[in-house]
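Since every read-out is calculated from the coordinates, none of them should be taken as a lab result. Note that the structure is a prediction, hence the values are computed from the model and not measured. Here the Cβ positions follow ideal geometry from the backbone for every residue, glycine too, while neighbour counts run over all protein chains shown.
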Amino acid sequence: MPQIIPIKDLKDTASVSELCHKTDEPIFITKNGYGDMVLMSMELFESTRRKLDMYNDLLISEEQIKSGKTKDARKALKNIKKVED
């Protein structure tokens, strides 16, 4: 269940930091009853960033496959071995 806290609770930085580190999802900050910001721990941010990078790489790969920009794996490995020898 997502954590939602009002912006005034940010005054207690130690408590907010502890909440960020004990939950595995972002914390939503509201201002005047409306969504305003999202907070998360550095660990969660880095994990999310790695996932987004991986999804982006997969999208690029799918586009390359659709446009025929692929190589036969066996031929590519043979070429690598030739270069190494």
Any idea how many Lys pairs in the chain come in under 26 angstrom at the alpha carbon, given 8 or more places apart or on separate chains?
16
For the chain, build the charge dipole from Cβ charges (+1 Lys, Arg; -1 Asp, Glu) around the Cα centre, then report which of Thr48, Ser61, Leu77 sits farthest towards its positive end.
Leu77
Antiparallel bridge percentage (DSSP; both residues within segment 1-40; nearest 5)
55 percent
Global size of segment 45-85 as Cα Rg and Dmax, reported in angstrom
14.9, 43
Tilt, helix 42-66 to longest principal axis of the chain (alpha-carbon atoms), in degrees rounded to tens, equals 40 degrees
Rounded to the nearest 500 deg cm²/dmol, what is the calculated helix-only ellipticity per residue at 222 nm for the chain, with -39500 (n - 2.57) per DSSP H run of length n ≥ 4?
-18500 deg cm²/dmol
Here are labelled values, (1) 10.0; (2) 6.2; (3) 15.3, and one is the computed mean projected area of the Cα convex hull in nm² for what I pasted. Which one?
(1)
Those trypsin sites (Lys or Arg not before Pro) in segment 1-74 that DSSP places in a loop and that have at most 11 other beta carbons within 10 Å
Lys69, Lys71
Going by how many other Cβ atoms sit within 10 Å of their own, how do Tyr34, Tyr55 line up, fewest first?
Tyr34, Tyr55
